[in-house]
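Novice: Below you will find the structure I want to go over with you.
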Amino acid sequence: MVKFLDLFNVNERFRTDIDAAIKRVLDSGYYLLGNENKNFCEHFAKFCGVKHCIGVANGLDALTLIVKAFDFERGSEIIVPANTYIATILSISQNGHITVLVEPDINTYNIDINKIEQAITPKTKAIMVVHLYGQGVEIQPVLDLAKKYNLKVIEDCAQAHGATYIGKTERVGSLSDASAFSFYPGKNLGCLGDGGAVTTNDEELANRITALRNYGSHIKYHNIYQGVNSRLDELQAAVLDVKLPHLDADNARRLEIAKYYKENIKNDKISLPIIHSDSSHVFHVFAVRCKTRDDLQKYLADNDIQTLIHYPIPPHKQECYKEWNDRNYPITEEIHNTILSLPISPVMCDNEVEHVVEIINKY
Ligand SMILES: *Cc1c(COP(=O)(O)O)cnc(C)c1O
């Protein structure tokens, strides 16, 4: 059986250090907003090449807190790719704003840079880009548009820890106004439960989010904002600090597998993803497209190969967004109807990768 992602083995590699980190937290008697959170956030900020990192409870909260902290007028419009994960969109609607869906590029699955400007109106306040499947977006044209129209740029980096932007050497999470990361166990950098972070170079925004995630207070029981409770706990921060130094190596292994797939999957029925440069894609997901996707998935399952669909239903067809159900986003729908994620992870071994290729080529 080739597992889609063997999470036990992902963490087992660091067992000794994780055990020691957990023991250290337990022994400290200090479980929230202590040294572990401080250390990890310092290290993660440095890793991303950014001044500030604020630990929060999960990726959705990271996004939601960024939007909240900008304090846009209620009913402002925020532009997002139409094929993103639902969390990106929830962060906008939960703040009382209007989501403006823009079609992705069929080749990169990221927002189509050429379709952003026509979606901008006087009510637009921000462009939220998503480095989907682990591929950095081409950020410069987005930053240029934001400057021209006086908009904020927010990044959803939940799938792309460590990737660089296309056309740049900087890592995602460093060049926009604020970025959100998730440390959900299955992400490229994952903890043992839920976790998330905001990165930004904006000190004032960092301070506001630091308070917002802690009931709106910097000083205990002095509440300057109506905040939420969304903290990265000490246990998760300690585990993340063990795993962060291995992230680049893990991403390199993912890239190696992706390149093997790219070079060796030879099947006219299957389209393979694009790699712009070795650092711009960290392959959180290796997504192929196939017209007979459901049949392919069943064929692979019959051959003991686990796959997943990211994602089966586009946001505008979800029940929770009924008001959009009649809209048409043909590229988004094409992606959702044909996409399939093959197994990829830093702990997949060569013979598993070769086996996947062999079986797929016989489809
Ligand atoms: C995982 C993910 C999120 C949400 O992160 P959680 O930690 O699960 O809340 C947001 N956006 C994208 C693109 C994701 O993949």
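Here, each number is a calculation from the coordinates, and none is a lab measurement. Fair warning: this is a prediction, and the values are worked out from it, not measured in the lab. Reconstructed Cβ throughout: ideal geometry from the backbone, glycine too, with neighbour counts over all protein chains shown.
Novice: Taking the Cβ of A301 as the centre, find all other residues whose Cβ is under 11 Å away and add up their charges (Lys, Arg: +1; Asp, Glu: -1).
Specialist: -3
Novice: Follow-up. Before rounding to the nearest 500, sum -39500 (n - 2.57) across all DSSP H runs of length at least 4 in the chain and divide by the residue total; then give [θ] at 222 nm in deg cm²/dmol.
Specialist: Here the helix-only value at 222 nm equals -11000 deg cm²/dmol.
Novice: Return a whole-number percent for the relative contact order of the chain, with Cα pairs under 8 Å and 6 or more residues apart as the contact set.
Specialist: Contact order relative to length: 22 percent.
Novice: More than 17 Å apart: what percent of Cα pairs in the stretch 180-231 qualify?
Specialist: Result: 45 percent of Cα pairs exceed 17 Å.
Novice: Where nothing but the Cβ of Lys and Arg (+1) and of Asp and Glu (-1) is charged, how large is the charge dipole of the stretch 1-125 around its Cα centre, in debye to the nearest 20?
Specialist: Approximately 240 debye in magnitude.
Novice: Report the label-to-label distance for Y260 and Y149 in nanometres (one decimal), using points 7 Å from each Cα along the Cα→Cβ vector.
Specialist: Spacing of the two 7 Å Cα→Cβ label points: 4.4 nm.
Novice: A further question on this structure: Residue-wise, which Karplus ³J(HN,Hα) couplings in Hz belong to the stretch 113-124, taking 6.51 cos²θ - 1.76 cosθ + 1.60, θ = phi - 60°, and x for glycine or proline?
Specialist: These are the phi-based 3J(HN,Hα) values: 3, 6, 10, 6, 4, 5, 8, 7, 10, x, 8, 5 Hz.
Novice: I've got another one for you. Hey, what do the phi angles of the stretch 148-153 turn into as Karplus ³J(HN,Hα) couplings, whole Hz, using 6.51/-1.76/1.60 and θ = phi - 60°, x for Gly and Pro?
Specialist: Per residue, the Karplus-derived 3J(HN,Hα) values read 4, 9, 6, 10, 7, 10 Hz.
Novice: Treating only the Cβ atoms of Lys and Arg (+1) and Asp and Glu (-1) as charged, compute the dipole magnitude of the chain about its Cα centre; round to the nearest 20 debye.
Specialist: Using Cβ point charges on Lys, Arg, Asp and Glu, the chain gives about 460 debye.
Novice: Just I54, I111, I86 to compare: in a GNM of the chain, with alpha carbon springs under 10 Å, which one fluctuates most?
Specialist: Highest fluctuation among the options: I86.
Novice: Among C191, C48, what is the fewest-to-most ranking by other Cβ atoms within 10 Å?
Specialist: C48, C191
Novice: Starting at the first residue of the stretch 337-354, write each ³J(HN,Hα) from the Karplus equation 6.51 cos²θ - 1.76 cosθ + 1.60 with θ = phi - 60°, in whole Hz, x for Gly and Pro.
Specialist: Using θ = phi - 60°, the values come out as 7, 10, 6, 8, 9, 7, x, 7, 5, x, 9, 6, 9, 4, 5, 5, 4, 4 Hz.
Novice: With the cut-off at 27 Å, tell me which of the pairs K46/K187; K23/K187; K23/K51; K123/K147; K168/K259; K152/K262 have Cα atoms farther apart than that.
Specialist: Violating the 27 Å Cα-Cα cut-off are K23/K51; K152/K262.
Novice: Would you list Y30, Y109, Y221, Y133 from fewest to most Cβ contacts within 10 Å?
Specialist: Ordered by Cβ neighbours within 10 Å, fewest first: Y221, Y30, Y133, Y109.
Novice: Could you state the per residue volume, in Å³, of the convex hull enclosing the Cα atoms of the chain?
Specialist: In the chain, the Cα convex hull volume per residue is 133 Å³.
Novice: Then there is this: Taking the Cα centroid of the stretch 311-363 and of the stretch 147-200, what is the distance between the two, rounded to the nearest whole Å?
Specialist: 22
Novice: Hey, if you put +1 on the Cβ of every Lys and Arg and -1 on every Asp and Glu Cβ in the chain, which of Q226, S176, N83 ends up farthest toward the positive end of that dipole?
Specialist: Q226
Novice: May I ask for the distance between the Cα centers of the stretch 39-54 and the stretch 123-139, given as a whole number of Å?
Specialist: Each part reduced to its Cα centre gives a spacing of 20 Å.
Novice: Can I ask one more? For the residues S176, S76, what sequence is obtained by ranking on other C-beta atoms within 10 Å, fewest first?
Specialist: S76, S176
Novice: Further question on the same structure: Taking the chain as a Gaussian network, Cα atoms linked when under 10 Å apart, which of D248, D61, D304 shows the biggest mean-square fluctuation?
Specialist: The residue that fluctuates most here is D304.
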